[in-house]
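Readers should treat all values here as calculations from the given coordinates under stated rules, not as data from a laboratory. Given the structure is predicted, the values throughout are model-derived calculations rather than measurements. Please note: Cβ atoms are built from the backbone with ideal geometry, for glycine as well, and neighbour counts cover all protein chains shown.
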Amino acid sequence: MTANPHRTQHLLPLHRVSPYFSKTEELGWEQYTVFNHMITPTLCRHIPPGDIYQALTTTAVLIPTGAERQLEITGKDAAKFMDYLVTRDMAKLAPGRCSYSFMCDENGEIIVDGIIVYISERKLWFGVSDGDIELWARGIALHSDYDVLVREADVAPLQIQGPKSRDILRTIIGNSIEDLKFFGCTQTRIAGVDCVISRTGWTGELGYEVYPTSSETAPDVWDAIVEAGKPCDMLISGLSWSKSLEAGLMVFSMGTRDERINPLEHWRSNLVDLDKGPFIGQAALRKIMAEGGPARKITGLVGGLEPLSRIERPCKIKHQDEDIGVTRSLAFSPSLQRNICLALVERKYTENGINLSLEHPDGVVEMAVTDLPFVDKDGLRVRS
């Protein structure tokens with residue numbers, strides 16, 4: 001393979017590449033990052049970020065997410081074991097459904113977040129954000145009585161996101177895509193390759209994730225989707241950080257363990273089922289609630305007309321010169337024409353309208369607490 005002259009970093013032998021690596025190289029991808037020990041593309045030199053946002057909100061985008069590795073749990077006790085690992089109640093799910101959830105340690109602190117894909121009673125996936133969760137899960141299974149096999153599935157996900165994503169998939173698999181509800185999943189074939197499709201994604205728009213179940217033939221699925229997307233002017237690109245942030249989406253991974261966040265601090269209140277059967281971290285989370293609830297919460301901040309430069313480390317959040325929290329992610333919202341920020345702050349400062357100060361490298365910026373998500377608060381786009 002000829003090296004892409006536009007790529008800004010060298011690849012190391014310890015880094016895996018996804019089945020779509022050669023495809024992104026051909027497109028002139030410029031920047032990559034390491035995600036789950038796999039090289040994943042982040043920036044294509046000829047696509048301005050504004051074009052990605054425009055495509056996500058008006059047409060469709062194909063996003064190579066092969067580094068979104070799937071922890072596969074199979075066996076007689078697959079659902080029971082998943083229930084022990086995650087904070088959501090598996091009794092509320094059934095085959096053909098998905099759920100966003102966390103895996104916590106014994107202290108109730110988040111290890112990773114991800115999507116549960118409930119394929120069958122004996123097979124489930126957990127789409128890992130970023131972390132060596134296979135080692136964690138295998139170690140727990142090894143010292144338990146659960147009848148399960150834990151491994152990383154040979155799956156190379158893709159995301160098709162945007163208002164025309166359903167039209168694109170309809171041309172490939174037919175009208176059955178119309179029956180797939182929000183957070184549902186189904187098994188199908190694309191270009192002769194067995195695939196799972198879920199109506200999920202990381203954009204806050206109508207969208208789907210496609211999981212070819214063979215890395216060797218996954219590029220055939222890519223080619224079929226690219227061809228089907230041409231009449232819809234589908235763009236091939238990385239994620240739009242602004243679009244994801246507008247939807248209040250964020251990543252929790254082993255790389256952010258120093259924040260020591262627990263799922264009760266998330267801005268959504270329905271991500272932990274404390275009263276279900278036993279799960280790792282349950283006792284610690286129950287103790288937090290018994291003592292009055294979490295001391296911090298993730299909240300939204302909005303303010304400033306001039307776009308702030310991207311930050312690589314948390315910035316301090318202050319209230320009248322008192323340190324009360326830090327940023328988690330920040331971007332400029334094309335929809336609101338304001339800077340928006342997800343911040344982890346003391347709970348008493350999360351009421352809508354409170355003014356806080358963000359100590360950004362570009363200067364101090366006044367921002368106001370706002371409800372989340374920042375846009376499409378009723379979720380009409382993602383459920384369209």
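Quick look at the values:
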| read-out | value |
| --- | --- |
| Label-to-label distance, nm, for residues given as Arg138 and Glu216 (7 Å Cα→Cβ offset) | 2.2 |
| Mean separation of Cα contacts under 8 Å (6+ apart) over length of the stretch 106-253, as relative contact order % | 24 |
| Helix runs (DSSP H) in the chain reaching 30 Å along axis by Cα, Kyte-Doolittle at least 1.0 | none |
| Charged-residue dipole, Cβ positions (Lys, Arg, Asp, Glu), the stretch 119-169 about Cα centre, Debye nearest 20 | 260 |
| Relative contact order (percent, whole number), the stretch 21-155, Cα cutoff 8 Å, 6+ residue spacing | 25 |
| Residue range of the chain that is longest and free of GluC sites (Glu not before Pro) which are both DSSP loop and sparsely packed (at most 10 other C-beta within 10 Å) | 107-290 |
| Alpha carbon convex hull of the stretch 222-338, volume per residue in cubic angstrom | 198 |
| Radius 15 Å from Cβ of Ser335, net charge of other residues (Lys, Arg +1; Asp, Glu -1) | -1 |
| Phi-based couplings in Hz for the stretch 143-149 (Karplus 6.51, -1.76, 1.60; Gly and Pro marked x) | 10, 9, 9, 5, 8, 9, 10 |
| Length released on extending from Asn270 to Glu366, taking residue separation times 0.36 nm less the Cα-Cα span | 31.5 nm |
| Sequence ranges 54-67, 136-149, ranked by mean other-Cβ count within 10 angstrom, highest first | 54-67, 136-149 |
| The stretch 264-376, relative contact order [Cα under 8 Å, separation at least 6], % | 28 |
| Helical mean residue ellipticity (222 nm; -39500 (n - 2.57) per DSSP H run of 4+; nearest 500) of the chain | -5000 deg cm²/dmol |
| Amide proton proximity set for Gly114, modelled H, under 5 Å, gap of 5+ | Ser101 |
| Cα-based reach from Lys348 at 20 Å (exclusive), listing aspartates and glutamates while leaving out same-chain residues under 8 positions away | Glu259, Glu265, Glu291, Asp321, Glu322, Asp323, Glu359, Glu366, Asp371 |
| Cα centroid separation, the stretch 337-384 to the stretch 45-120 (Å) | 24 |
| Point-to-point label distance, Asp154-Gln187, nm (Cα→Cβ direction, 7 Å offset) | 1.6 |
| Table column - 3J(HN,Hα) (Hz), the stretch 61-68, Karplus curve with 6.51, -1.76, 1.60, x for Gly and Pro | 9, 9, 10, x, 10, x, 7, 7 |
| Distant-in-sequence amide H partners of Arg338 (H built 1.01 Å from N, under 5 Å) | Ser333 |
| Three-way shape call for the stretch 177-234 based on the alpha-carbon gyration tensor, with the a/c threshold at 1.5 | oblate |
| Under Karplus coefficients 6.51, -1.76 and 1.60, residue-wise ³J(HN,Hα) of the stretch 117-124 in Hz, glycine/proline x | 10, 8, 7, 7, 4, 10, 8, 9 |
| Counted charge near Thr57, where neighbours are those whose Cβ lies closer than 14 Å (Asp, Glu -1; Lys, Arg +1) | -2 |
| From the C-alpha gyration tensor of the stretch 57-151, square roots of 5λ in Å | 23, 16, 13 |
| Prolate/oblate/rounded call for the stretch 232-291, Cα gyration tensor, a/c under 1.5 rounded | prolate |
| Dimensionless Rg ratio for the chain, taking C-alpha atoms and the 2.2 N^0.38 Å reference | 0.98 |
| Cβ-defined net charge surrounding Asp179, 13 Å radius [Lys, Arg +1; Asp, Glu -1] | +3 |
| Kirkwood Rh in Å, taken over all unlike Cα pairs in the stretch 1-110 | 17.2 |
